[in-house]
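Scroll down for the structure; my scribbles are underneath it.
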Amino acid sequence: MENLEVLVQKVCEVARGAGHFLKEERKRFRQDAVREKRVHDYVSYVDKESERRIVSALRMLLPEAGFVTEEGSADYRDETYCWVVDPLDGTTNYIHDVSPYCVSIALRTRDMLLLGVIYDPSLDECFYAWQGGGAYLNGVPMHVSATNCLENAFAIVELPYESGRYARTGLHLISRMYGQVAGIRMNGSAALAMCYVAAGRYDTWQEAFIGKWDFSAAALMVMEAGGRVTDYYGSPCFLEGHHIVATNGWLHDEVLRLLSEALPEGM
Ligand code: LIP
């Protein structure tokens, strides 16, 4: 495989191409194209076509790699390398014509993230990182924030589709943080929320019951920007799970402590 620094730029081009498709298609998008995969989890021909384009471009870049993709159009057969693709993260935002939404692409081995690219076509923001090479936004190095106490934290509390098992946790976080932190937001795109932590815009984010395609590229972004990523128990072995905490590092233990008071059902 070629040098990661060179490869990541090629993947940025793939993500930009798919992102432009999302943005153009949004102009003629109609609600009757929306289908429900499971309760409140939506998809349309846009997600599928974006995935088709990304998969075919990535196949040319690295023919020996397998795929884990949100819409399941390609598979993984224990290859050494694996692309992890979300062709449209923030689908609910997209179908309501609000930002943010993005394309997310990661490359990993069985136990390590190698590179990550996330492109937001609405703001023309391309976030990318490669293992050991740092994290960048449109070519400029990114760093997490220096906020070191929860009182000053600008926090994202995302509420996943899995409301039955997560309501207690989400409501607990909001009730413990509301009035105690500088601000709480919801974002609607896990990948971009984590990029915003990497860029120092937000200080902390966490979500459970999400897919590898939602967090893989962005997790590398946060780590390469100097932040910390773990699962809800504080383990750095989060790659195969579904519950992720991403912070600037300073606030991590405090967020884990709040989570431990009300972990999601069945975890
Ligand atoms: C979505 C996320 C969103 C999260 C949902 C879902 P999709 O991805 O990014 O932030 O709350 O659980 O995973 O469906 O838009 O690709």
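Where a number appears in this text, it was derived from the coordinates with a stated rule and is not lab data. Note that the structure is predicted; figures quoted are calculated from it, not measured. Neighbour counts are summed over all protein chains in view; Cβ atoms, including those assigned to glycine, are modelled from backbone coordinates with ideal geometry.
Computed values, structure above
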read-out: Choice from W130, W83, W250 with maximal GNM fluctuation in the chain (Cα, 10 Å cutoff); value: W250
read-out: Footprinting exposure proxy for I174, I244 (fewest neighbouring C-beta atoms within 10 Å first); value: I174, I244
read-out: Anisotropy class of region 73-134 from Cα gyration tensor, a/c 1.5 cut; value: oblate
read-out: Inter-part distance where region 189-240 and region 1-39 are each reduced to a Cα centre, Å; value: 20 Å
read-out: From phi via Karplus (6.51, -1.76, 1.60), per-residue ³J(HN,Hα) for region 103-110 in Hz, x at Gly/Pro; value: 10, 10, 9, 10, 10, 9, 9, 5
read-out: Sequence of E162, E70, E24 once ranked by neighbouring C-beta atoms within 10 Å, starting from the fewest; value: E24, E162, E70
read-out: Whole-number D in µm²/s for the chain (Stokes-Einstein; Kirkwood sum over Cα pairs; 37 °C, 0.692 mPa s); value: 179 µm²/s
read-out: Candidate lysines - alpha carbon under 19 Å from K27, same-chain residues fewer than 8 apart omitted; value: K48
read-out: Whole-Å semi-axes of the ellipsoid equivalent to region 4-141 (Cα gyration tensor, √5λ, descending); value: 25, 18, 12
read-out: Computed [θ] at 222 nm, helices only, for the chain once each DSSP H run of length n ≥ 4 contributes -39500 (n - 2.57); value: -11000 deg cm²/dmol
read-out: Highest-fluctuation residue, D203, D47, D78 considered, GNM on the chain with Cα pairs under 10 Å; value: D78
read-out: Neighbour-count order for T147, T169, T109, fewest beta carbons within 10 angstrom listed first; value: T109, T147, T169
read-out: For region 150-260: rounded, prolate or oblate by the Cα gyration tensor [a/c cutoff 1.5]; value: rounded
read-out: Gap separating the Cα centres of region 106-150 and region 54-95, nearest whole Å; value: 18 Å
read-out: Gyration tensor (alpha-carbon) shape descriptor, region 221-267, a/c threshold 1.5; value: oblate
read-out: For G183, distant residues with modelled amide H under 5 Å away; value: A155
read-out: Listed residues G188, G241, G227, most fluctuating in the chain (Gaussian network, C-alpha, under 10 Å); value: G241
read-out: In degrees, nearest ten, helix 4-26 long axis to first principal axis of the chain (Cα); value: 90 degrees
read-out: For S104, net neighbour charge (Lys/Arg +1, Asp/Glu -1) across residues whose Cβ lies under 11 Å away; value: -4
